Structures are given as C-alpha cells and as structure tokens.
1. For the stretch 1-128, treating each Cα as an identical point scatterer without solvent, what Debye log10 I(q)/I(0) comes out at q = 0.12, 0.16, 0.17, 0.22 1/Å?
2. If I model a spin label at residue 239 and residue 211 as a point 7 Å from the Cα along the Cα→Cβ vector, what separation in nanometres do I get?
3. Report, to the nearest 10°, how far helix 116-128 tilts away from the longest principal axis of the Cα atoms in the chain, using its own Cα long axis and a range of 0 to 90°.
4. For the ranges 207-214, 87-94, 234-241, what's the packing order if you count other beta-carbon atoms within 10 Å of each residue, average per peptide, and put the highest first?
5. With n ≥ 4 as the cut-off for DSSP H runs, can you work out [θ] at 222 nm for the chain, using -39500 (n - 2.57) per run divided by the number of residues, rounded to the nearest 500?
6. Give me the distance in nm between label points sitting 7 Å out from Cα along the Cα-to-Cβ direction at residue 151 and residue 94, one decimal.
7. Cα axis of helix 176-187 to longest principal axis of the chain: angle in degrees, 0 to 90, nearest 10?
8. So what is the relative contact order of the chain, in percent, for Cα pairs below 8 Å that sit 6 or more residues apart?
C-alpha cells in the first residue's frame with residue numbers, strides 16, 4: 001500500500017519483533033539475510049553480525065571459564081542487526097529508512113498485547129537474568145513477567161528506535177547512543193568500546209551452497225552456522241533417504257543422526 005517491497009517488509013518486521021517478541025529479538029542482536037535480486041538475477045548474502053570487542057583475548061576466557069558464558073558482558077559482542085537493517089534498506093528497499101520503524105515505534109509507545117509464546121519465554125528468562133538490574137528495570141513489571149494478553153509499553157525503546165531511524169543508525173554506532181552504550185559497558189564490567197562500535201560494518205558476502213536432489217541450497221558462510229545445514233544435506237545425499245516414508249522412524253532417525261554429526265563438526269571446527 002505504501003509502495004514498498006519484500007525487503008522493506010522484512011526489515012520492518014525485524015524491527016517490530018524487537019518490541020513485540022523481545023524474548024527472541026533485540027536491538028543488540030545480529031542479523032543475516034539472503035536476497036534474490038530479479039534485476040541482476042543474482043543471490044546476495046548479508047552478514048550483519050558483530051565482532052568481539054577488541055579488548056577480548058583468549059587468555060582472559062581460558063582463565064575465567066571452562067566454557068563460553070551465555071549471560072553477562074562476557075557473552076556480549078558488538079550489536080550488528082541495526083547495521084544490517086540499514087544496509088539491506090539502502091541496497092534493496094524502496095521506502096525511506098525512517099518509515100520502516102513506524103510500526104515498531106507505535107507498538108513501543110502505545111502498547112501491544114503479549115502473545116502466549118512470548119509470555120511463556122518471558123517467564124522462563126526472569127530467573128535466568130534476575131541478577132542483572134538493567135534487565136529487571138527494563139523487562140519486568142513490578143518484578144514479574146507480563147501475562148498472556150497483558151498490554152505493555154516500552155517508552156525508552158521507542159525513543160531509541162526513533163533516534164536510530166532519524167539518524168540513519170549514525171547515533172547508534174558513532175553518536176549519542178554509541179557513547180551511552182560504551183559508557184554503560186565500561187562502568188558495569190563490559191568491554192565494548194566506542195572504537196568497537198565505530199569500526200563495525202555489516203558485510204556483503206558470497207553465499208555457499210550444495211546441490212541436493214535437484215535443488216541448490218544456499219547459506220551464509222561462517223561465522224553463520226548455516227554451513228551446518230549444508231553438511232546435513234551432504235550426509236543425507238549418501239543415504240538414499242527417499243526410500244523411506246517421509247515421517248517414518250527410519251527417515252526421522254537418519255535426519256537426526258545427520259544433524260548430530262553436522263553440529264558436532266560445526267562446534268568442533270567452525271564456531
């Protein structure tokens with residue numbers, strides 16, 4: 001209705017999900033995208049994942065942990081998703097970048113009703129992140145997770161999204177928001193610096209693929225974990241899986257074992 005295209009829709013949805021499904025999506029997360037362009041008849045891949053802070057080093061983690069942490073500042077890399085939205089919009093979108101933020105800002109300001117799955121996940125993470133005061137202050141309501149159907153607002157997030165949109169991400173990586181991110185990290189035990197944010201850049205990369213039973217399956221190369229899908233299909237290509245009924249025990253068993261082997265290689269040799 002507004003003259004946008006699929007790229008605009010995908011970006012607008014991704015931004016909106018940081019508000020209405022914040023248990024699975026966040027402004028501080030990463031983004032990956034594969035885009036088919038009819039004009040050039042070419043597939044494009046975007047890696048908008050953030051690198052580790054420059055001051056991280058191998059020795060620090062070896063001394064402090066037996067395995068990589070999943071919470072706290074030592075698990076936080078440079079936020080990449082915001083740069084991905086901007087890159088994708090600039091190369092393939094039709095609508096102005098600011099326009100793509102309007103639905104998310106509306107829901108954050110005026111409120112939205114929490115869905116069943118989001119409410120369930122929210123309750124699950126309350127205990128996991130209860131030690132972090134910033135989580136309690138921003139993502140709990142009188143110390144609890146919201147209930148199914150409860151209407152909530154995120155005024156601060158609306159303001160942040162508005163500033164990202166208005167400055168075309170400049171504030172987030174180079175301006176006022178970048179200063180706030182870096183200062184907060186440094187004052188609370190984190191490592192992300194203004195330099196880390198300044199140096200971040202989403203990358204256009206060449207997709208990797210495998211030919212499987214008449215189809216070309218494409219993924220984003222590492223550090224994306226998409227290569228695991230290609231490994232799985234490579235294993236299955238040797239197993240003549242089509243001789244089994246689609247949902248039979250034998251078919252499912254082979255798929256599960258292929259997945260296990262692919263992920264074993266992924267974690268051992270890639271990431």
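A short reminder: the numbers here are calculations on the coordinates, not readings from a lab. Keep in mind that this is a model prediction, so the values were computed, not measured. So basically every Cβ, Gly included, is an ideal-geometry build from the backbone, and we count neighbours across all protein chains shown.
1. Relative scattering, expressed as log10 I(q)/I(0), comes to -0.61, -0.94, -1.01, -1.27.
2. My value for the distance between the label points is 2.3 nm.
3. Helix 116-128 sits roughly 70 degrees off the main axis of the chain.
4. The peptides rank, most packed first, as 87-94, 234-241, 207-214.
5. Computed mean residue ellipticity for the chain: -13500 deg cm²/dmol.
6. 3.4 nm
7. 90 degrees
8. Relative contact order here is 20 percent.
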